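Notes to accompany the following structure.
Computed from the coordinates by the stated procedures, all read-outs in this text should not be read as laboratory data. Being a predicted model, the structure only gives us computed values, none of them experimental. FYI the Cβ positions are ideal-geometry reconstructions off the backbone, even for glycines, and counts take in every protein chain you see.
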Amino acid sequence: MVSHMWIFGTVLGKLASGLQEATFYSGVLLLACISVDRYLAIVKAAQPVFKTRHLVVVVCGGVWLAAVGLLSLPVLVQRETFQPGNQERLVYHENLSAENAAERRLGLRVLRHAAGFFLPLAVLSFCYSFTVAMVLRGCAAQKHKAMRVILWVLLAFVGRWLPNNMATLTDSLMRAGWVTETSTFRNRVDLALEVTQVLAFLHCAINPILYAFIGHRLRNQCLTVLFKHGLISKKVLSNYRHSSTRSSSSYKTSITM
């Protein structure tokens, strides 16, 4: 993002922006992969696709390869360190004074909206809608737990990324001349971009909490790790395992994340 003064040069700028884009795309795409795995495991009554360790490595490696080598590449190519106008300060951003820079920037925004939000949202909605339909046929206790996990995962994704996409879309339309730009409106959009970007990046911190404390399996593994390090007693671990096993004995299909 444009700052008052960029002092780190083009190389560090590309490294920072490339890492930001790669982690952004990999995070949302891996979330979509998790929903596909749950869909196949529950709706299709098949073994989870990502249960085998080597498949996990292949899928995660493929997602990161696409995020680093394909989706984040346009940002690395287009952004550079330059002096805007007649100003003496240096900034690191898209050089809009270059030929067709505005069109390229709009293309990057479209790519980010499509691959970074709408495509994962479509996959999540498709997979979890069928998953919910299958879960509703289960017992009441497991139905409640399943719906809670799915609801929070979807709300976390939409609630964190939708505002940023709306702000970015508004900024793109304004720069393309399709929305009238005024100084007041520009300041509001710039503020919205900063606030919603922070909100969107919080999604990375919320997901582990959702999976660890709402999902039964990961919560069980976390407690086991705490027990091995002496942070909880064996009695606490045994009581939790006994209660969780008793509550899930009537429903064998797990929807844990």
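Backbone amide hydrogens, once placed in the peptide plane, bring residue 179 within less than 5 Å of 174, excluding anything fewer than 5 places away on its chain. Using the Cβ-Cβ distance between residue 118 and residue 80 with R0 set to 30 Å, the FRET efficiency works out to roughly 0.55. The simple Förster model, with R0 at 45 Å and r as the Cβ-Cβ distance, assigns residue 111 and residue 55 a FRET efficiency of 0.95.
Listed by chain and number, the aspartates and glutamates whose C-alpha is less than 17 Å from the C-alpha of residue 14, apart from same-chain residues fewer than 8 away, are 80, 94.
Counted residue by residue at 0.36 nm each, then reduced by the alpha carbon distance between them, the extension gain from residue 190 to residue 134 reaches 15.8 nm.
Given H placed 1.01 Å from N in the peptide plane, which residues other than close sequence neighbours of residue 93 have an amide H under 5 Å from its amide H? Residues meeting the criterion, in which the H sits 1.01 Å from N, are 80, 82. Take the Cα of residue 12, step 7 Å toward its Cβ, do the same at residue 199, and the gap between the two points is 3.1 nm.
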